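Trainee: The structure is given below, and queries will be raised subsequently.
The values are calculated or read from the model by the stated rules, or taken from the named source; none is laboratory data. What you see is a predicted model; the values in this text were computed from it and never measured. For neighbour counting, all protein chains shown are included, and Cβ atoms are generated from backbone atoms with ideal geometry for every residue, glycine included. Note: accessible area is taken over every heavy atom of the protein model, side chains too, but ligands, DNA and RNA are not part of it. Shrake-Rupley method; radii C 1.70, N 1.55, O 1.52, S 1.80 Å.
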Amino acid sequence: MTETVRLTVNGEECSVNVPPRAQLAEVLRDHLELTGTHLGCEHGVCGACTVMFDGKPVRSCITFAKSCEGADVETIEGHRGDKVMAMLREAFSRHHGLQCGFCTPGMLATARDIVARFDAPDEKTIRTELSGNLCRCTGYVGIVRAIQDVIDWRNASGLSAAGHLHPEPPVPTKIAPFSIRDETIPAFPPEPAGRVRTDGTWTTVNRDFSLTAPTSEVRDLFADIWSVASCIPGATVTNVTENRFEGNVEIRFGPIRATFRGIGGYSVNEGQKTGKISGRGDDRNGQSKLEGEMTYNIGPGTHGGSLVSAEIRFRIEGLLAQFNRPELVTGFVDYLLTRFTSNCEAVLSGGKATEALQLSVLSLAWSVLRSRLRKLFGHH
């Protein structure tokens, strides 16, 4: 069974008949013969398949073609009249920001997004934004310098990152102008549940989840760091002293494996049923750093149960920095909270949490796919 999908690619209207499970990358490469879009991990991790989708970078390997109906897509073969992309291509060449070239199409799409969103980013910010695009050749030095050069050129030309980077000369009206996301962050707790935010360094997400136990029992569970840690997948507490603790979290992501060992703290306001848990650590090989915190509020739920509103903030540097990418955060948090909620229910009912299995790429990939299916077909 196939379905017809109509979209605009590089300024030209296209119509393709594809199976419902077809990905955007398959449409571009196999149906439209735009093979400049490269496929690497096919899990949305390496960034090689990144293209511009309605003015924003997306992973085409995990984007269903069905969700592209009416969309404007720009691949590396496109960007007609886009002076910024032309400058980026020249700067990448001048600074030797490419070697084998496999990551370059996706890297240029992300670089275009960086130039459009930041007025004067420092090197650390640029590297953080590039963390979802993996390069095995250059070491990123030339790539970062190329982006810095184009931003310097843009600023010297009197342009700003907000709203003045439309391609020149004008492109066909079917292509939407490049838009800039509004990164204004409302205060917690009015934040709508489920929204993911990034500020270039921290990733923040707000979520609500329900437990069947009354609020007093949930409060007692969250106040016991030994018990609550046993409910977190991959987490282990080794020592607790007053409001401080030591422990580790193990993450496996494809061929990458990291065990973060570090310290943390927790505080509880029993009267208001609120609290905060925070921690930071380095993996034993020194290749990644993790820092995060969860602020929670326990309120009454349905049928005598509890509703927990949580704000989770984290940042990862090093090999696992791709976890900072918003498109992975939703699946990551869904997987984590599903396991966490299940374990909390078990402990609250007098049982034990399941064994602290490591976070895996397969479980995360399924969570991302499941989230996209719910969004695509309107299930919540």
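Trainee: Based on the Kirkwood radius over alpha-carbon pairs, what is the Stokes-Einstein translational diffusion coefficient of region 81-159 at 10 °C with 1.306 mPa s viscosity, in µm²/s?
Mentor: Estimated via Stokes-Einstein, D reaches 129 µm²/s.
Trainee: Oh, and also: Mind giving me the FRET efficiency for residue 157 and residue 4? R0 is 41 Å, r the Cβ-Cβ distance, nearest 0.05 is fine.
Mentor: For residue 157 and residue 4, the calculated efficiency is 0.45.
Trainee: I need the shape label for region 1-78. Rule: rounded when a/c is under 1.5, else prolate if a/b > b/c, else oblate, with a, b, c from the alpha carbon gyration tensor.
Mentor: It comes out oblate by the Cα gyration axes.
Trainee: Hey, another quick one. How many Å² of accessible area per residue for region 81-159, probe 1.4 Å? Each step should come with its number before you reach the end.
Mentor: Values: 3380 Å² over 79 residues.
Value returned for region 81-159: 43 Å² of accessible area per residue.
Trainee: Charges at C-beta only: +1 for Lys and Arg, -1 for Asp and Glu. How large is the resulting dipole of region 81-159 about its Cα centre, in Debye rounded to 20?
Mentor: 180
Trainee: Then there's this: Taking H as built 1.01 Å from N, whose amide H comes closer than 5 Å to the amide H of residue 213, not counting residues under 5 places away?
Mentor: Long-range HN contacts for residue 213: 306.
Trainee: So what's the gap between the Cα centers of region 86-136 and region 15-78, to the nearest angstrom?
Mentor: 19
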